[in-house]
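Notes for the one structure printed next.
The values are calculated or read from the model by the stated rules, or taken from the named source; none is laboratory data. Model, not experiment: these values are computed from the prediction. Ideal geometry is used to build each Cβ from the backbone, glycine not excepted, and the neighbour counts take in all protein chains shown.
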Amino acid sequence: MAHTSDLISQDILAYLKQHEEKSLLRFITCGSVDDGKSTLIGRMLYEAKMIFEDQLAALEADSKKLGTQGEAIDFALLVDGLASEREQGITIDVAYRFFSTDRRKFIVADTPGHEQYTRNMATGGSTADLAIILIDARKGILTQTRRHSFICSTLGIRNIVLAVNKMDLVDYSQSTFNEIDESYRAFAAELPALDNIVSIPLSALAGDNVTEHSDNTPWYSGKPLMEHLETVEVEDALDEAPFRLPVQWVNRPNLDFRGFTGQIASGTIKPGDKIKVLPSAKESTVERIVTMTGDLDEAQSGQSITLTLNDEIDISRGDLICKADEPAETGSQFEATILWMAEQKMFPGRTYVMKAGPQTAQLTVNSPKYKVNVNTLAQEAAKNLELNEIGVCTVSLDRRISFDPYTDNRETGSFILIDKLSNATVGMGTLHFALRRSSNIHWQATEVSKSARAEMKGQKPCVLWFTGLSGSGKSTIANIVEKKLTASMVHTMLLDGDNVRHGLNKDLGFTNTDRVENIRRVAEVSRLMTEAGLITLVSFISPFRAERRMARDMFEKGDFITVYVDTPLEVAEERDVKGLYKKARAGEIQNFTGIDSPYEPPQNPDIHVNTVDLTAEQAADVVIEELGKRGLISID
Amino acid sequence: MANLTHLQRLEAESIQIMREVAAEAENPVMLYSIGKDSAVMLHLALKAFYPSRPPFPLLHVDTTWKFQEMYKFRAKVAEETGMKLYVHTNQEGVEQGINPFASGSAVHTDVMKTQALKQALDLHKFDVAFGGARRDEEKSRAKERIFSFRTADHRWDPKNQRPELWKIYNTRKAPGQSIRVFPLSNWTELDIWQYIYLEKIDIVPLYYAAERPVVEYNNMYIMVDDDRIPEEYMKTKQMRTVRFRTLGCYPLTGAVESTAATLPDIIQEMLLTTTSERQGRAIDHDQSASMEKKKQEGYF
């Protein structure tokens, strides 16, 4: 790395000292496909002397073969990494680049410009201190510019560099630059977070105003890009903010040592400080800050530390250690901004896994309050969120978590959403505030337990969840099973899909969203029934795997028994007891399972009955037998 | 308090990543290659879990062609850290007589490194493996996530990577899937050397210049480390003052002529040199985008 600093050859120890004290700036570059992002990054690497001779030689060869700049070096090729992208001539993913100057080390996330990869920009931006937004001087502010600025604002990136690129193609026109600068500022004024905007006229290709003032823009009196990046103040107020340590891992080498490890999200801590642990609200004081090379007198935001406390209190992964006099908040229902990142759209009512730092919870999203049109910033009504859409939603968790509003703390106010079946990261979100009802309604512990209620009846409660196509025979079989159980003096309850829709769920229709809510309610009711000690039979088409899984997850292990009533569509349609298939085929009923809405068969049902080979009576016997095998009932 | 320096930030980030793995993985392992990056990674692990020992073993994939000094160093590290060290060699490869001279670097690397690594991960059912790769090493690595998923047959799908947001890592995986975790992703070569210097981390002496016996092979000087170098090359045997910028299999690792005998000397030499680090390795030259291809096939 041919750093030019003379110190390297003259006094390497002094150079090392200087390099040791450098600070770090993480930034992202964003812009439209042809704005010249990769060229700008390549140019910065080149100017910072971060390109080796062999890389330069390879670059020159590649430029002639693949480049778009004739005989000149195509800096973009240096940055566009993956083979397939090189052929397409576009950057498709987030790539990280590193360079340093005498004053700072830089980590650049090069993020893609075209629309379908907004999620990658958010990935690069979530850890950035600053964003460079590129604009083609000939084109001015585009939809993409607005979109990227809005995402930066959503991610809380305060420092923006508006890089007005390709100034060489507009004859370095001051008025063009000023017009772009003014219209951008007018637009950005509506975005809350962006409070430090600096516009710079550039030509990444020709090198104007990258490292040195360009003679082509005598009217520009600000700093060149690199100098701005070297000197911009990003040292956030995080050290001043209240102390937060999300506990990652409890360190217990032996019975005498119990250390709590994590990376400080904000604030500082000293031995002797009074702390409070959330969500339990237990208090203690800091005993030591332990490191391999000796205890610390103080630790600050950003450090990964190990704390010991003066009292033995129960703390585990996911707990949040705060200073006692400035604790974070807790809640289980929130208003949040969600950016959806998956092809499959967000399903209101569906349960996702939420990770918020080291905390994990089951999160159910409600219908969005609105989504934001990123081009106009208008709030629009929405029933769900699709890939790359940003909306404001209320979310409900299965447990209480600790948090700060994202605007106060990016680390304790952020979360990701994971699909339970595919394990893909499908969304990212920022917490605004806890809803009142969740902080005021506490779980009431009852004194008579589920097992006490069941014991009184001399039985073990469970739910039998019959799933299958309409007309498969679910209700018929469930009815026979219930009759047989009742005859054996077992206490039962039967919830039938059709019947429940006349009462509890009469406000729900047959859209995918309503089906999810339909099942959630029935699962909740059957859970209450098992709490009461009953064997509960549920007869429900329940076509989606995700919702059956959601229902299953509400129960204790072994309490939820899936009965797959397996009937081929042709057979069910042939039977057509209620005449519904005929209507569906005629287009009189929409969203009918098996016809124009899918049925996802269970992959590992607890009980699988095939109603082509078995009569309803025989199928019921199979179910009863399995209950006996599981020790849930005793069969004479 | 004073702002953290860039090295303090990188250290804190790496430690945070390691603790996430310790908390969420079922059966993690740390790939240990005996090189300088592994030395830094191991040092960070010792810091992350102090006073506990790191809660995972080390795994060395041994091609049987490493330098003798590396084997000595490996034994010393295992003893000093008290960590369990697994050593795995692809026995089928040994039986087939695969070796870097006769089989060529591509076959040797595939059989004795890539295949051997897959065997070892399968054998011990490790679900998460730490690797010391850095994003600044090579273009395709620059786009790889810190938590990088592999299919049951250890393939990497660069088009289907999970977004990584903030410091929140989604570690959920399907049965058979595994994760490669790269805690040094954001370190550069200079950061590694500087950290070794500041933290006084012990590294294999081959990194320091000394007079060593070398022969000319494939337009490189390689060190005469044992008696397995074919006769024809031994004719060029000579003593030279050399050191190694990377360490791997000795027939595939070119020595560079140097007098840098201390860490500041090495760093000075590196900063003034004008070729990139991996040039001393034979495998990257095989074909364009070769590293990306190897990674898709399961190379670390």
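Beta carbons closer than 8 Å, at least 6 apart along the sequence or on distinct chains, pair a first residue in region A:557-583 that is free of Cβ contacts under 8 Å to residues at least 12 places away in the same chain with a second that is of a type in the set (V, I, T) for A:K583/A:I589.
For region A:299-330, the tally of residues that are surrounded by fewer than 20 Cβ atoms within 10 Å (Cβ to Cβ), small (G, A, S) and under 30 Å from A:E524 (Cβ atoms) stands at 1. The single condition among (1) assigned to a helix (DSSP H, G or I); (2) under 20 Å from A:T337 (Cβ atoms); (3) at pLDDT 90 or above that A:I151 does not meet is (3).
Here is the figure for region B:108-167: residues that are without any contact (Cβ under 8 Å) to a residue 24 or more places away in the chain and more than 13 Å from every other protein chain (Cβ to nearest Cβ) total 2.
Tallying residues that are facing chain A (nearest Cβ under 10 Å) and part of a helix (DSSP H, G or I) within region B:36-59 yields 6.
Residues checked against (1) more than 25 Å from A:V277 (Cα to Cα); (2) within 14 Å of another protein chain (Cβ to nearest Cβ):
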site	(1), (2)
A:V198	yes, no
A:S203	yes, no
A:T211	yes, no
A:W219	yes, no
A:P224	yes, no
A:V234	yes, yes
A:E240	no, yes
A:P246	no, yes
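Scanning region A:486-509 for residues that are modelled with pLDDT under 90 and either closer than 16 Å to A:A616 by Cβ or in a helix (DSSP H, G or I) (or both) turns up A:T486, A:A487, A:D496, A:G497, A:D498, A:N499, A:V500, A:R501, A:H502.
Does region A:359-378 contain at least one residue that is modelled with pLDDT of 90 or more and in contact with a Pro (Cβ under 7 Å, 6 or more places away or on another chain)? Scanning region A:359-378, I find no residue that is modelled with pLDDT of 90 or more and in contact with a Pro (Cβ under 7 Å, 6 or more places away or on another chain), so the answer is no. Is it the case, given these coordinates, that A:T360 is in a strand (DSSP E or B) and within 11 Å of chain B (Cβ to nearest Cβ)? In short, yes. All of (1) of a type in the set (S, T, N, Q); (2) farther than 18 Å from A:Y220 by Cα; (3) surrounded by 23 or more Cβ atoms within 10 Å (Cβ to Cβ); (4) touching a residue at least 40 places away in the same chain (Cβ under 8 Å) hold for A:N165 with one exception: (2).
Evaluated against (1) modelled with pLDDT of 90 or more; (2) more than 9 Å from chain A (Cβ to nearest Cβ), B:P230 falls short on exactly one condition, (1). Give the residues of region A:315-351 that are in contact with a Gly (Cβ under 7 Å, 6 or more places away or on another chain) and aromatic (F, W, Y), sorted by residue number. A:W340, the sole residue that qualifies.
In region A:517-545, which residues are surrounded by fewer than 21 Cβ atoms within 10 Å (Cβ to Cβ), of a type in the set (V, I, T) and within 14 Å of A:R350 (Cα to Cα)? Selection gives nothing. Restricted to region A:563-593, and to residues that are out of contact with any Lys or Arg (no Cβ under 7 Å at 6 or more places or on another chain) and assigned to a strand (DSSP E or B), which residue is nearest to A:S526 (Cα to Cα)? Among those that are out of contact with any Lys or Arg (no Cβ under 7 Å at 6 or more places or on another chain) and assigned to a strand (DSSP E or B), it is A:V563. Of the residues making up region A:594-603, those that are touching a residue at least 24 places away in the same chain (Cβ under 8 Å) and either loosely packed, with under 14 Cβ neighbours inside 10 Å or in a loop (DSSP other than H, G, I, E, B) (or both) are A:G594, A:P598, A:Y599, A:E600, A:P601, A:P602, A:Q603.
Per-residue answers, yes or no, for (1) of a type in the set (S, T, Y); (2) modelled with pLDDT of 90 or more; (3) in a strand (DSSP E or B); (4) more than 21 Å from A:R146 (Cα to Cα):
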{"residue": "A:D181", "(1), (2), (3), (4)": "no, yes, no, no"}
{"residue": "A:Y184", "(1), (2), (3), (4)": "yes, yes, no, no"}
{"residue": "A:P192", "(1), (2), (3), (4)": "no, no, no, no"}
{"residue": "A:S199", "(1), (2), (3), (4)": "yes, yes, yes, no"}
{"residue": "A:A206", "(1), (2), (3), (4)": "no, no, no, yes"}
{"residue": "A:T211", "(1), (2), (3), (4)": "yes, no, no, yes"}
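Among the residues of region B:25-34, those that are surrounded by fewer than 22 Cβ atoms within 10 Å (Cβ to Cβ) and of a type outside the set (A, V, I, L, M) comprise B:E26, B:N27, B:P28. Residues that are under 14 Å from A:V94 (Cα atoms) and of a type in the set (G, A, S) within region B:138-174 comprise B:S140, B:A142, B:S148, listed in sequence order.
Reported count of residues in region B:180-212, each being within 11 Å of chain A (Cβ to nearest Cβ) and either free of Cβ contacts under 8 Å to residues at least 12 places away in the same chain or outside any loop (DSSP other than H, G, I, E, B) (or both), is 10. Count of region A:550-590 residues, restricted to those that are surrounded by 15 or more Cβ atoms within 10 Å (Cβ to Cβ) and either closer than 30 Å to A:I418 by Cβ or touching a strand residue (DSSP E or B) at 6+ places or on another chain (Cβ under 6 Å) (or both), is 13. Here are some conditions: (1) under 22 Å from A:T127 (Cα atoms); (2) touching a strand residue (DSSP E or B) at 6+ places or on another chain (Cβ under 7 Å). B:L184 meets all but one. Which one does it not meet? Of the numbered conditions (1) under 22 Å from A:T127 (Cα atoms); (2) touching a strand residue (DSSP E or B) at 6+ places or on another chain (Cβ under 7 Å), the odd one out for B:L184 is (2). Give just the number: which of (1) within 24 Å of A:E227 (Cβ to Cβ); (2) in a helix (DSSP H, G or I) does A:A131 not satisfy? Of the numbered conditions (1) within 24 Å of A:E227 (Cβ to Cβ); (2) in a helix (DSSP H, G or I), the odd one out for A:A131 is (2). It is to be established whether one or more residues within region B:215-234 are surrounded by 14 or more Cβ atoms within 10 Å (Cβ to Cβ), in a loop (DSSP other than H, G, I, E, B), among the polar types (S, T, N, Q) and within 23 Å of the chain's Cα centre (by Cα). Yes, some residue in region B:215-234 is surrounded by 14 or more Cβ atoms within 10 Å (Cβ to Cβ), in a loop (DSSP other than H, G, I, E, B), among the polar types (S, T, N, Q) and within 23 Å of the chain's Cα centre (by Cα).
Among residues of region A:4-25 being at the interface with chain B (Cβ under 8 Å from one of its Cβ atoms), over 13 Å from B:D191 (Cα atoms) and loosely packed, with under 15 Cβ neighbours inside 10 Å, the one that is nearest to the chain's Cα centre (by Cα) is A:L13.
Could you look through region A:337-349, keep only residues that are away from chain B (no Cβ under 14 Å) and touching a strand residue (DSSP E or B) at 6+ places or on another chain (Cβ under 7 Å), and pick out the one that is farthest from A:A551 (Cα to Cα)? Taking the candidates together, the pick is A:K345. Screening B:R155 with (1) buried (at least 21 other Cβ atoms within 10 Å of the Cβ); (2) assigned to a loop (DSSP other than H, G, I, E, B) gives one miss only, at (1). Could you say whether any residue in region B:60-82 is away from chain A (no Cβ under 14 Å), within 17 Å of B:V181 (Cβ to Cβ), surrounded by 20 or more Cβ atoms within 10 Å (Cβ to Cβ) and of a type outside the set (G, A, S)? Yes, region B:60-82 contains at least one residue that is away from chain A (no Cβ under 14 Å), within 17 Å of B:V181 (Cβ to Cβ), surrounded by 20 or more Cβ atoms within 10 Å (Cβ to Cβ) and of a type outside the set (G, A, S). The residue pairs whose first member lies in region A:440-462 and is surrounded by 15 or more Cβ atoms within 10 Å (Cβ to Cβ), whose second member is at pLDDT 80 or above and of a type in the set (S, T, N, Q), and whose beta carbons are closer than 7 Å, counting only pairs six or more residues apart or on different chains, are A:P461/A:T530; A:C462/A:T530. From the list A:E573, A:E517, the one residue that fits, being under 33 Å from the mean Cα position of the chain (by Cα) and not aliphatic (A, V, I, L, M), is A:E517.
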